[in-house]
Structures are given as structure tokens and as C-alpha cells.
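Enquirer: Can you read through this structure? Questions will come right after.
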Amino acid sequence: AGASANPLQIYVEIGAYIWVLGIIALFVYRLISILILKRELKSAQLIEQNIFEARNLKTPFVIGLIKPKIYLPVGLNATERSYILLHEQTHIKRKDHIIKVLAFLILSVHWFNPLVLIAFMLMSTDMELSCDERVLEEMNKEIKKPYANSLLSLASGRHILNGSPLAFGEGNVRGRIKNVLN
């Protein structure tokens, strides 16, 4: 490229370096996020099978590829726990924890394409809405308001972009509450 008379080759090579640096940056971000999360989860207590409870959590979520684990914050009442567990178990049954990691890998390679980012965000929202609807379908209709209150109180306040975990309060909380109440 240095000996070429065509400046386009130089721009393509520079673009390739920038593209690879973007991929590396996203993978490093994901790795650091998971390491920090794993460190925070060391104090979690096993409740049963794959369900853990941790004091420093604000929202329940699923993490793990082969043996996914459900992490719950301390202090949930029995009713809240039942529909939150159903929501998280639905993620596991549908293999959302695997699909989201694969989607993140695709997003990492195509980080420069805003349509891939939008698709990733819409996929995450669809996963959450679908699990919310499953909970409402399985349980009686009177849980709509308490379920919406739980979504509001357990909202993580930020969208987790690292492809994992699948958080109960993740994403578009306003849209999810409207969907639940409708």
C-alpha cells in the first residue's frame, strides 16, 4: 500500500485497522464487564439448583452459557420472586442467553453499522417483552400491576450492551410497563 499510486488503497488499509481496533475494543469491554460482574457475584448465596441471591444486585438476571444461573437481589417477596423466576426461566428455556451472546459477536464484527446496533437493541427489547407476556399468560391477570411495579422498582437504569446478562429490569422499562398493562 505504501508503494501504491492509488490513495484508495491507503484509506482501505487505515479503515481495516480502525475496524479491527473497534472489534478488539468491544471484546475487551465485554471481558472487563464480565470479570467485574463475576467479582461482584462471589458473595452470592445458592438458594436452589441454579438460583442465587446477592445483596449487591439491583435487578435479577441470567448469566452463563452452558449452565445458566439466575441471580436475584435480596429482599424479594414470595409473589415477586415467583414471577421473576418464571421470567428468567423463560429466557433460559428459549436459549436467550446463548442468542444474545451470538448477537453480540455479530454486533462486534459489524460495530460500524448502525442498523446492526438497532437490530441488537430491538432483539433485546423483543426478548424482554416476550418473557413478560409469557409471565402474564402463565399467571393470573391480577398480577399486571404488581408485575409492572416490580419492573419499575428493579429497573437497572441502563441498557447492558455487553451481550450478557439478561436482566429483568433491562431495556425499555416504560415500553415494557405499557405492554404489561395493555
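Enquirer: For a Förster distance of 41 Å, can you work out the FRET efficiency between the beta-carbons of E13 and E142, rounded to the nearest 0.05?
Expert: Details: r = 63 Å, r/R0 = 1.53.
So the FRET efficiency works out to roughly 0.05.
Enquirer: OK, next. Evaluate the chain: find the radius of gyration of its Cα atoms, find its Kirkwood radius, and give the ratio Rg to Rh.
Expert: Here the Rg-to-Rh quotient is 1.09.
Enquirer: Roughly speaking, to the nearest percent, how much of the chain's 1.4 Å accessible area is carbon and sulfur?
Expert: C and S atoms contribute 63 percent here.
Enquirer: Further question on the same structure: How big is the antiparallel share of DSSP beta bridges in the chain, given as a percent to the nearest 5?
Expert: Percent antiparallel among DSSP bridges in the chain is about 65.
Enquirer: Could you pull the accessible area for K69 with a 1.4 Å probe, rounded to 10 Å²?
Expert: Accessible surface of K69 is approximately 80 Å².
Enquirer: A further question follows. Over all directions, what mean area does the Cα convex hull of the stretch 1-70 project, stated in square nanometres?
Expert: Value for the stretch 1-70: 7.1 nm².
Enquirer: What do you reckon, how do V28, V180 stack up by accessible area (1.4 Å probe), largest on top?
Expert: V28, V180
Enquirer: Taking H placed 1.01 Å from N in the peptide plane, check which residues at least 5 places from I47 or on another chain put their amide H under 5 Å from its amide H.
Expert: Those lying under 5 Å, H to H, from I47 are F52, E53.
Enquirer: Also, I was wondering about something else. Tell me which lysines have Cα within less than 27 Å of K42's Cα, excluding those fewer than 8 residues away on the same chain?
Expert: Leaving aside lysines fewer than 8 places away in the same chain, those within reach of K42 are K58, K67, K69, K93, K95, K100.
Enquirer: What accessible area, in Å² to the nearest ten, does a 1.4 Å probe give for S82?
Expert: 50
Enquirer: Sort M139, M127 by accessible area with a 1.4 Å probe, largest first.
Expert: Heavy-atom accessible area, descending, gives M139, M127.
Enquirer: Rg (Å, one decimal) plus Dmax (Å, integer) for the alpha carbons of the stretch 17-122?
Expert: Reported Rg and Dmax, both Å: 16.0, 53.
Enquirer: With contacts defined as alpha carbon pairs under 8 Å and 6 or more residues apart, what's the relative contact order of the stretch 1-82 in percent? Don't skip to the end; give the middle numbers.
Expert: Details: 60 pairs, mean separation 13.6, N = 82.
In percent, rounded to a whole number, it is 17.
Enquirer: If you count only protein heavy atoms with a 1.4 Å probe, what accessible area per residue comes out for the chain, rounded to a whole Å²?
Expert: 59
Enquirer: What FRET efficiency comes out for the pair F112/S153, r = Cβ-Cβ distance, R0 = 41 Å, nearest 0.05? Could the numbers behind the result be given before it?
Expert: Working: r = 37 Å, r/R0 = 0.91.
Computed FRET efficiency for F112 and S153 comes out at 0.65.
The values are calculated or read from the model by the stated rules, or taken from the named source; none is laboratory data. Note that this is a predicted model, so its numbers are computed, not measured. Quick reminder, even Gly has a Cβ in these numbers, built from the backbone with ideal geometry, and neighbours come from all protein chains shown. Just the protein is used for accessible areas: all its heavy atoms, side chains included, with ligands, DNA and RNA removed. Shrake-Rupley method; radii C 1.70, N 1.55, O 1.52, S 1.80 Å.
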